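The block underneath contains the structure these notes are about, expressed in structure tokens.
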Amino acid sequence: MSAHMSPEEFRRHGRQVVDWIADYLAEVESHPVRSRAEPGEVRRALPDAAPEHGEPFEAVLADVERIILPGLTHWQHPSFFGYFPANTSGPAILGDLLSAGLGVQGMMWVTSPACTELETVVVDWLAGLLGLPGRFRTDGPGGGVIQDSASSASLIALLAALHRASGGRVAAEGLRGRHTLYVSSQTHSALEKAARIAGLGSANVRVVDVDPGTLAMDPAALRALLARDRAEGAVPAMVCATVGTTATTAVDPVAAIGEVCREHGVWLHVDAAYAGVAAICPELRGLNDGVAEYADSYATNPHKWLLTTFDCGLLWVGDRAPLLGALSVLPEFLRNAASAGGSVVDYRDWQVPLGRRFRALKLWAVLRWYGAEGLRAHIRAGVALAAELADRVAADPEFVLFERPRLGLVCFRPAWPGLPAEDADRATLRLMETLNAGGALFLTHARAGGRVVLRMAIGGTATERRHVEQAWDHVRREHSALKVLMR
Ligand SMILES: *Cc1c(COP(=O)(O)O)cnc(C)c1O
């Protein structure tokens, strides 16, 4: 037996793995949603050193079952309601498997034309499905690209924005003076991270006030802050508006913010990591009001709600020139006729690393398997279940609904009558911990309107009405038990 897995061996083990995944997904509900592993437990079960001699693949699969599985939180469990969904699906898994099997590294067009051109096709398809403006299309002045994450998308947008704000000088000379980035208290922490990576520093991340009720950014406060910073000599690089914040799916007023950005000539990035894909439904397209008119860049993650296995984050820019200006470096060993001819896209210039996976395959597989109507049905099912849950919460005097859900996220808290806010918040967290430790569901928390709220994010591939109803029953039951205990 040679050290390499022969095609015949691969066929056999490949079938075992596909069968194993099919069984796992069919029975995922039988596991506790959140892993019960103690810190270090998985590590202790594994050898201290790599094996000297090769082992049969069955041994790996057996250890996946014995050691890895108990150390997993089951994101594909239909009662996983934490964070946002990172839902996967059969076609996405198979598309990813094809990508691994082909082993293509698509850094440039010439390193695999189909890798680049399929990516161009699917990002343009998505731009059409989401109703994004023509300038975001590859045949316009801008274009789209598949990133690993919305965090990377934010960083790339910031680098392009800095390039533009510096008149193209930053790539060669580095940052001169003070550059600022505008966010709200509800903006994802990825933006502050991007500011650190880009060399702005956290101190130059300017936090704009939000409306205390809706938690949406206040455009007047942005205008005032921008004017003040400029008067003090700062160079504003970028404003990030969020469509669907992580805590509560608040939607910043993109058009009003865009108007302010235009007055000041500042780049507007729209982070719609979770919510953006919902615009595939015409009735939800209003989420993106203002994007077509004002956004310089826009990001959304098919790897959250759109059935595409992590990682798959989309970024579009309305003008690719500043992005390429910021990131294109051409060493001799990458020179080639196709790139020099200018008729091809080299996505290496649209991201941080040089190398890139063939991610378009899984997105393509998802788009073709479901079709736009199948994807709309999935989004609508999540929105409808969230609305039903919100009705139940609102009708229950023991609970307070934070607000009517716009999408798949429901935020609520027990009322805890008579308890001071701080004690009530502690009790809410205790309730969450009890629920998550029970294994029947998993949810997370956020702070909204100054209070701790529980977040139930609905949208998993396998989540049905009964899972949401069971979860709500669990919440009520554990809440009653805790009330008795606390008496
Ligand atoms: C999830 C999320 C992110 C981060 O997404 P990654 O792809 O994990 O980097 C950024 N912004 C918002 C609004 C999010 O909900």
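Restricting the first residue to the range 145-164 and requiring it to be within 16 Å of V239 (Cβ to Cβ), which pairs with a second residue that is within 12 Å of the ligand (Cβ to nearest atom) and assigned to a helix (DSSP H, G or I) meet a Cβ separation below 6 Å and a spacing of at least six or different chains?
As it stands, the answer is S154/A190; S154/L191; S154/A194; L155/A194; L158/A194, since those pairs meet every condition given.
If I ask for residues that are within 22 Å of the chain's Cα centre (by Cα) and open to solvent by 60 Å² or more (accessible area, probe 1.4 Å), which ones from the range 377-394 would you list?
R380
Select, from A279, A275, A340, A326, the only residue that is open to solvent by 10 Å² or more (accessible area, probe 1.4 Å) and modelled with pLDDT of 95 or more.
A326
Can you pull out the residues in the range 309-323 that are open to solvent by less than 20 Å² (accessible area, probe 1.4 Å), more than 12 Å from the ligand (Cβ to nearest atom) and within 19 Å of the chain's Cα centre (by Cα)?
W316, V317
What helices (runs of 4 or more DSSP H) completely inside the range 1-84 contain at least 2 residues that are within 30 Å of W305 (Cα to Cα) and in contact (Cβ under 8 Å) with a residue 60 or more places away in the chain?
7-27
Can you tell which of E8, E38 is among the acidic types (D, E) and either in contact with a helix residue (DSSP H, G or I) (Cβ under 8 Å, 6 or more places away or on another chain) or closer than 21 Å to A440 by Cα (or both)?
Answer to the check: E38.
For the range 240-287, which residues satisfy the criterion of being in a loop (DSSP other than H, G, I, E, B), within 12 Å of the ligand (Cβ to nearest atom) and more than 18 Å from S152 (Cβ to Cβ)?
G244, T245, A247, T248, T249, A250, D252, A275
Could you tell me whether the range 197-219 includes any residue that is under 21 Å from D349 (Cα atoms), modelled with pLDDT of 95 or more and away from the ligand (no atom under 16 Å from the Cβ)?
yes
Would you mention how many residues in the range 435-456 are of a type in the set (K, R) and open to solvent by 20 Å² or more (accessible area, probe 1.4 Å)?
2
Based on this model, can you work out whether A153 counts as of a type in the set (A, V, I, L, M, F, W, C), closer than 30 Å to S202 by Cα and buried (at least 19 other Cβ atoms within 10 Å of the Cβ)?
When the stated conditions are applied, A153 passes them.
Any residue in the range 145-153 that is more than 18 Å from the chain's Cα centre (by Cα), among the hydroxyl-bearing types (S, T, Y), modelled with pLDDT of 95 or more and within 16 Å of the ligand (Cβ to nearest atom)?
no
When you scan the range 327-343, how many residues do you find that are under 14 Å from W109 (Cα atoms) and touching an Asp or Glu at 6+ places or on another chain (Cβ under 6 Å)?
So the count comes out to 1.
Which condition does A160 not pass, out of (1) in contact with a Ser or Thr (Cβ under 8 Å, 6 or more places away or on another chain); (2) open to solvent by 40 Å² or more (accessible area, probe 1.4 Å), if it passes all the others?
(2)
Which of the residues spanning the range 153-194 are among the charged types (D, E, K, R) and outside any helix (DSSP H, G or I)?
R169, R176, R178
I'd like the full set of residues that are more than 21 Å from W364 (Cβ to Cβ) and part of a loop (DSSP other than H, G, I, E, B), limited to the range 288-306. Write out each step before concluding.
In the first step, residues of the range 288-306 are kept if they are more than 21 Å from W364 (Cβ to Cβ); the result is 288-297.
Across the range 288-306, the qualifying residues are D289, G290, A295, D296.
Tell me, yes or no, whether the range 87-94 has at least one residue that is within 16 Å of the ligand (Cβ to nearest atom), open to solvent by less than 30 Å² (accessible area, probe 1.4 Å) and among the hydroxyl-bearing types (S, T, Y).
So far as the range 87-94 goes, yes, one or more of its residues are within 16 Å of the ligand (Cβ to nearest atom), open to solvent by less than 30 Å² (accessible area, probe 1.4 Å) and among the hydroxyl-bearing types (S, T, Y).
Here is a check on your reading of the model: is A427 more than 25 Å from the chain's Cα centre (by Cα) and either open to solvent by 10 Å² or more (accessible area, probe 1.4 Å) or not hydroxyl-bearing (S, T, Y) (or both)?
Yes: the conditions hold for A427.
One line per residue, one yes/no per condition, for (1) within 24 Å of V383 (Cα to Cα); (2) surrounded by 14 or more Cβ atoms within 10 Å (Cβ to Cβ); (3) touching a Cys at 6+ places or on another chain (Cβ under 9 Å):
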residue: L175; (1), (2), (3): no, yes, no
residue: S189; (1), (2), (3): no, no, no
residue: G201; (1), (2), (3): no, yes, no
residue: V205; (1), (2), (3): no, yes, no
residue: D229; (1), (2), (3): no, yes, no
residue: C240; (1), (2), (3): no, yes, no
residue: T246; (1), (2), (3): yes, yes, no
residue: A256; (1), (2), (3): no, yes, no
residue: R262; (1), (2), (3): no, no, no
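The values are calculated or read from the model by the stated rules, or taken from the named source; none is laboratory data. Here the structure is a predicted model, which is why all the values come from computation and not from measurement. Don't worry about glycine lacking a Cβ; one is built from the backbone with ideal geometry, like all the others, and counts go over all protein chains shown. When the accessible area is computed, the model is the full protein with side chains, heavy atoms only, and any ligands, DNA or RNA have been set aside. Shrake-Rupley method; radii C 1.70, N 1.55, O 1.52, S 1.80 Å.
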